[in-house]
Amino acid sequence: MMKEQTLLVPHEEDPLLAFAPEEPGLQWQRIMGMAVHGDANWELEICRKTCMTLAEAKSFAAADDRITFFFYVKHYAIMCRHQVLHAGDVVFFSGTPVLVAEAGADSFEKPAAPGSRFSITAAPGNHWVSIQAHMQVPFLSSTQAHAYLWPCLLPGQAHGAELQGGGLQAVLCYCPPHEVTDEVSEHPFAQGGWWVCGQYVHAGGKLQAEQTCFGGPYMAVAPGDILSCRIVYDAANHSWLQTITNCSNKDSVIFPMNAKQKTGQALEKNMLGFCLEKLLPARHEHSRHLHQCLSLFNVIARLTYPQSQLGQDLNQLPYIDNARLSDDQTCLHIGRIVLYNPMMHAGE
């Protein structure tokens, strides 16, 4: 059984912000009368807890990206791998479940965003001026394929996204040592490993056929590190500042960028984007080691003007945990956005 680790970090909200009460969290898929098969891969067990309510089990699992599903013992004791589990016992797992019928237990799968992408667009005439989001460097093996995970700000359709697709994004990336290409051979971490940096990316459009991508300094990070990513607009100087801090050791990188009007670049950003990209599907031989979920959490985003309807439908999405709007209606807080669960890609 894997050693249990505590992955929770305290909220780093602005103490002056007042948010509405929390709403229900992730909407787990329930599989009634099922538990993990005795012949399944029990090395993927994360931990087990006793005397938990179902709500406590869901909350515990939601906060840990390693957990993709769990089974909960309900009304009476069950026999599991020559051990008796009692009502209120919970066993948490990574990976894809191999289940067997068990009347005394139910299994629960963590939801994830379709396509591993999610975005929030501000109302016409309104703009996002800052975003803060946390992410944890995943526990992936050295054979894992390239993975890019980020929060970003970019112009939406009201600002001509097709023509001015410039996005500011804090990018977390993994490069396997044996898959270094000419494209990344000059990269400071070309020998493989996790790294993070602030970037500006323009994907091209009718006025610009080729993709433009540049960014600030890179920072090496390690599995389990908690990263705080901030993107803030300075209206007085028409500039953006990206700051990425490793909460584990307080190292940081900063990427300032002047945002005065240039070809292919927009001043205001009216779309928030959250994305996982270039992750190979589970059928690929290098993806068999990706057992955990990937998410962004403690997300705080601020608008220029109040928007009373901001985020009103977010809590109906199964992969959103506790979306709340501040009292002044300019700031949105999201507890967690689950972008990826390997279980949902197992059949691809």
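The values are calculated or read from the model by the stated rules, or taken from the named source; none is laboratory data. Remember, predicted model here, so these are calculated numbers, not experimental data. So basically every Cβ, Gly included, is an ideal-geometry build from the backbone, and we count neighbours across all protein chains shown. Keep in mind that these areas ignore ligands, DNA and RNA; they rest on the heavy atoms of the full protein, side chains included. Shrake-Rupley method; radii C 1.70, N 1.55, O 1.52, S 1.80 Å.
Which FRET efficiency value, to the nearest 0.05, is calculated for T121 and A77 with the Förster distance at 35 angstrom and r the Cβ-Cβ distance?
0.10
Would you please state which residues of segment 88-118 a label at R30 would reach in this model, taking the label point 7 Å out along Cα→Cβ and a backbone N cut-off of under 17 Å?
88-91, 102-111
With all protein chains present, how much of the accessible area of segment 45-141 (probe radius 1.4 Å) comes from carbon and sulfur, to the nearest whole percent?
59
So if R0 is 51 Å, what FRET efficiency would D39 and N249 give, r being the distance between their Cβ atoms, rounded to the nearest 0.05?
0.80
Scale the Cα Rg of segment 21-112 by the rule-of-thumb value 2.2 N^0.38 Å and send over the ratio, two decimals.
Against the compact-globule rule of thumb, the ratio is 1.01.
Go through K58/K110; K110/K250; K58/K250 and tell me which ones have a Cα-Cα distance over 20 Å in this structure.
In this structure, K110/K250; K58/K250 exceed 20 Å between Cα atoms.
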